[in-house]
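Just below is one structure, and these are the notes that go with it.
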Amino acid sequence: MDNQETEPMDLQDGAAAIAGLMDNAEEVEDQSSEEAEPQETEQVEESEELDTEPKYKVKVNGEERLVALPDLIKGHMMHEDYTRKTTELAKEKQTLEQKIRTEASQAYMQQLQDMNARLVAVISQDQQIDWADLAKNDPAMYVQKMHEAQQRQQAQQDLQQRLKLEADRNLAETLTRENTKLLERRPEWSDPKKREEDFAAMRGYLAKDYGFSDNEINSLTDSRQMDIVWKATQYDKLQASKPQVTKKVEKLPVRTERPGVGSDGGNKRSAKDRLYRTGSVDDAAKALREMMG
């Protein structure tokens, strides 16, 4: 190729050339900006589409908030899980506290019973003293021993009262606890009328069929025992109703037939047999009627 020589430019031509190059650069930048604008528009449209998802008002710590359905479901599930775990922990805590109270009460009752046993043993020794002889021969010792014996008797009376109060308190707690368990097994007994009717049926069942006394029936406090008694009452009630059904079936009329006339087939055969034996016209007519129907 032939080398083309460029003509020298003066200052004015150089300035014009530089200006042209700058204009071309701005056009390229403008084109790049125009090409980028659709992407930004698409991102805005996607954001707007996400924002169009329905929101629901919820109140959190007394403050209303707008929450999308997925977040609402997730929050509800978390709340249910939290409630379940909280309930389980509360039951475990209640069971543990009840166990501690029961063990402490049993230990306290054991201490009272041990003290009462020792007092009974000492009071039994006091009763072996010949108080009349002691008063006659040693009045001073008589006064001292009598005072000590009276103190021991008073201590035993106080101890017996404390034992009774503790037993009554334990019984009240047991009845409350077992009643709660019983209602969990038989929710229908939360209705006082239904409870009274069913309890009366159970009392009658235990007293009439098994000879339980009122004291024995009243001593039933375990919810499991009560549930078993109720099931036994209902089972025996169901069993007692079955003979009545059998009797009704037995009273249905029973069809009786004369010998030799039990069925149509039997009648036909007997008529033919008579015809073969006698050969009479009358028997032939009867056999024909039986055969024709």
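How far apart, in nm, are two points set 7 Å out from the Cα along the Cα-to-Cβ line at ASN215 and at GLU92? Distance between label points: 4.5 nm. Between ALA201 and GLN111, the simple label model (points 7 Å from Cα in the Cβ direction) yields a spacing of 4.8 nm. With both labels modelled 7 Å from their Cα along Cα-to-Cβ, the MET146 to LEU238 distance reads 7.2 nm.
Among residues other than GLU178 with Cβ under 10 Å from its Cβ, the summed charge is +1 (Lys and Arg +1, Asp and Glu -1). For a modelled paramagnetic label at ALA167, 7 Å from Cα along Cα-to-Cβ, the residues of the stretch 94-110 in reach, with backbone nitrogen under 13 Å, are 109-110. So, counting K/R as plus one and D/E as minus one, what does the shell of residues with Cβ under 12 Å around LYS231 add up to? With Lys, Arg at +1 and Asp, Glu at -1, the net is +1.
Near SER124: Cβ cut-off under 13 Å, other residues only, Lys/Arg at +1 and Asp/Glu at -1. The net charge is +1. Filter the cross-link list LYS99/LYS181; LYS93/LYS164; LYS208/LYS231; LYS181/LYS231; LYS93/LYS181 down to pairs whose alpha-carbon distance in this structure exceeds 20 Å. Going by Cα-Cα distance, LYS93/LYS164 fall outside the 20 Å limit.
We did not get these values from a lab; they are worked out from the coordinates using the rules stated. Remember, predicted model here, so these are calculated numbers, not experimental data. Quick reminder, even Gly has a Cβ in these numbers, built from the backbone with ideal geometry, and neighbours come from all protein chains shown.
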